[in-house]
2 protein chains.
Amino acid sequence: MLSADRLSLNTATVKEQWNLEQCVEGCLRHGFGGIAPWRNLIHDIGLKKSAKLIRDSGLEVSGLCRGGWFTAEGSLTPAVLDDNRRAVDEAAAIGAKCLVMVVGGLADQSKDIASARQMVEEGLAITLEYARENQVSIAIEPLHPMYAADRACVNTMRQTLDLCDRLGEGIGAAVDVYHVWWDPELQDQIKRAGKNRLKAFHICDWLVPTQDMLTDRGMMGDGVIDISGIRAMVEGEGFDGLNEVEIFSALNWWKRDADEVMQVIIERAKNC
Amino acid sequence: MLSADRLSLNTATVKEQWNLEQCVEGCLRHGFGGIAPWRNLIHDIGLKKSAKLIRDSGLEVSGLCRGGWFTAEGSLTPAVLDDNRRAVDEAAAIGAKCLVMVVGGLADQSKDIASARQMVEEGLAITLEYARENQVSIAIEPLHPMYAADRACVNTMRQTLDLCDRLGEGIGAAVDVYHVWWDPELQDQIKRAGKNRLKAFHICDWLVPTQDMLTDRGMMGDGVIDISGIRAMVEGEGFDGLNEVEIFSALNWWKRDADEVMQVIIERAKNC
């Protein structure tokens, strides 16, 4: 039973409907506790204006989406590292609880996932140093293995926590039920993470069948994920952050009136 | 560099084109070393005729596809267990190196993946006993996590081998590169399996983008999987079985002339 004040709106959920200002207003109007903006919405109106808008709203910022994509240019180019530094700056400016990292998949034309993972680790280490200087927490989001080639080569909680162990303090995991619900080790790895490494918790649902690998995620309750069970695992470790609702849904929710989407989220969260 | 005699045709690769007799003839005509029939092709002409056809051909049978689906009826009903016993009988009759298990996903209307996994383990234990009596090897095929809900709730090599450790002798893994290529633990778990638990090796490729989660698998070389690297891992453990080619491709290969498909497989295998 989640009430609206325990929810955060990841702006991707209404990406086809609302700009940043509308998202902030929508969160306030519907009583959400927080927001998690995507960077493009911030860039649309500028960082200074975005930061003021968000800070004045009083909304908690459960995360900034997103840094990462370390493999995008085949090596850790200045452009890639600069972009990640800017992401840290933006996270600091809006007071985000964490900067979420979608780390990137295989480099173009490459079949070498081990070296992609090495590149990601090096990029995270460099960005983490800058993040520590700026008091920003990093949250690696392990993505579902079906995105290993083209979005993120960090794909399980175990792998994420192994990375964190090597990288040290200031970095942890963003646990999105969509990406991890299938994992036979989920409970053990959430325990291993503990409160210190649990930086964010994202909810949505896995639809059966799934029509599109990226943009057919479900509203809570429409799929097969035991969301309340996974929430109990993270809260059992002391995680007390907001429940961030992130639903990519070209086939359904992106086509609806955003206020309706917000109302349905609130209804469904009662059973999460 | 794989030659044709090191290949086995999984009949699903030409499921829209050839019946069992055509598959056997095609394998012989193109110099394949073996075949891996799906059960429906056997049922189409009857077990006795199928067994004679396959045994007379001299082709090695790298596996029978497939037993499993233990969760299909929500409990281990007599129908489910009988079907698995029949699958064992069929594997014995055609001299298959193993009976491949696609274990089943969540039961209908269920969100409880832990109890699905428990049901699968119990079903495997019962079937394994019968398989041992009949000198049939069981190969659990861990399926990609994107099939956890609707096809198989055994999704990694680690999970498969944990199951095997509990179940004892006569059972191991069917390693399909499509399902496991992304796994950060792949090398370690293949080492852990060793020759005794490596029952089958399946090849195809992961396309980027993937248009359909089930029926858009790629021909070797068209995707991002380092097939020769994974082959080296299993052969490094002493696996000396055939390389079974299993490609579900509604968008491409199922639409082509099957002899052309066989020729392309032989060409591409040279680089595997």
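Values as computed for the structure displayed
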read-out: Members of segment A:149-163 found to be crowded, with 23+ Cβ neighbours inside 10 Å and either at the interface with another protein chain (Cβ under 8 Å from one of its Cβ atoms) or hydrophobic (A, V, I, L, M, F, W, C) (or both), listed by number; value: A:Ala149, A:Ala152, A:Cys153, A:Val154, A:Asn155, A:Thr156, A:Met157
read-out: Residue within segment B:241-263 that is of a type in the set (Gly, Ala, Ser), closer than 30 Å to A:Gly104 by Cα and out of contact with any helix residue (DSSP H, G or I) (no Cβ under 9 Å at 6 or more places or on another chain) present; value: yes
read-out: Meets criteria (farther than 25 Å from A:Glu267 by Cα and without any contact (Cβ under 8 Å) to a residue 60 or more places away in the chain) for A:Ser57; value: no
read-out: Any hit, segment B:68-88, residues being closer than 28 Å to B:Cys153 by Cβ and in contact with a Cys (Cβ under 6 Å, 6 or more places away or on another chain); value: no
read-out: Qualifying residue in segment A:17-32 (condition: closer than 28 Å to A:Arg197 by Cβ, acidic (Asp, Glu) and part of a helix (DSSP H, G or I)); value: no
read-out: Looking only at segment A:168-198, and only at residues there that are without any contact (Cβ under 8 Å) to a residue 40 or more places away in the chain and touching a Ser or Thr at 6+ places or on another chain (Cβ under 8 Å), the one that is surrounded by the fewest Cβ atoms within 10 Å (Cβ to Cβ); value: A:Glu185
read-out: Every pair of residues 6+ apart whose Cβ atoms lie under 8 Å, when the first sits in segment B:128-151 and is without any contact (Cβ under 8 Å) to a residue 12 or more places away in the chain while the second is in a helix (DSSP H, G or I); value: B:Pro145/A:Pro145; B:Pro145/A:Met146
read-out: Selection from segment B:73-110 of residues that are within 14 Å of another protein chain (Cβ to nearest Cβ) and either in contact with a Gly (Cβ under 8 Å, 6 or more places away or on another chain) or touching a residue at least 60 places away in the same chain (Cβ under 8 Å) (or both); value: B:Val103, B:Gly104, B:Ala107, B:Asp108, B:Ser110
read-out: Whichever residue in segment B:111-146 is at the interface with chain A (Cβ under 9 Å from one of its Cβ atoms) and closer than 27 Å to B:Asn196 by Cβ and, among such residues, is surrounded by the fewest Cβ atoms within 10 Å (Cβ to Cβ); value: B:Arg117
read-out: Residue list for segment B:147-170, filter: more than 24 Å from B:Glu129 (Cβ to Cβ) and touching a Gly at 6+ places or on another chain (Cβ under 8 Å); value: B:Tyr147, B:Ala148, B:Ala149, B:Asp150, B:Arg151
read-out: Set B:Lys97, B:Lys52: member being touching an Asp or Glu at 6+ places or on another chain (Cβ under 8 Å), modelled with pLDDT of 95 or more and among the charged types (D, E, K, R); value: B:Lys97
read-out: Test set (1) within 14 Å of another protein chain (Cβ to nearest Cβ); (2) touching a residue at least 12 places away in the same chain (Cβ under 8 Å) - A:Asp44 fails condition number; value: (1)
read-out: Residue list for segment A:199-256, restricted to those being part of a loop (DSSP other than H, G, I, E, B), basic (Lys, Arg) and either more than 14 Å from chain B (Cβ to nearest Cβ) or surrounded by fewer than 21 Cβ atoms within 10 Å (Cβ to Cβ) (or both); value: A:Arg256
read-out: Scan of segment A:179-198 for residues that are within 13 Å of chain B (Cβ to nearest Cβ) and outside any loop (DSSP other than H, G, I, E, B), ordered by number; value: A:His179, A:Val180, A:Leu186, A:Gln187, A:Asp188, A:Gln189
read-out: Qualifying positions in segment B:13-34 - among the small types (Gly, Ala, Ser) and under 15 Å from B:Met220 (Cα atoms); value: none
read-out: Residue match in segment B:56-66 (condition: more than 14 Å from chain A (Cβ to nearest Cβ), assigned to a helix (DSSP H, G or I) and in contact with a helix residue (DSSP H, G or I) (Cβ under 8 Å, 6 or more places away or on another chain)); value: yes
read-out: Qualifying residue in segment A:19-27 (condition: surrounded by 21 or more Cβ atoms within 10 Å (Cβ to Cβ), of a type in the set (Val, Ile, Thr) and either more than 18 Å from the chain's Cα centre (by Cα) or modelled with pLDDT of 95 or more (or both)); value: yes
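The values are calculated or read from the model by the stated rules, or taken from the named source; none is laboratory data. Keep in mind the model is a prediction, meaning the values are calculated, not measured. Virtual Cβ from ideal backbone geometry, glycine too; neighbours counted across all protein chains shown.
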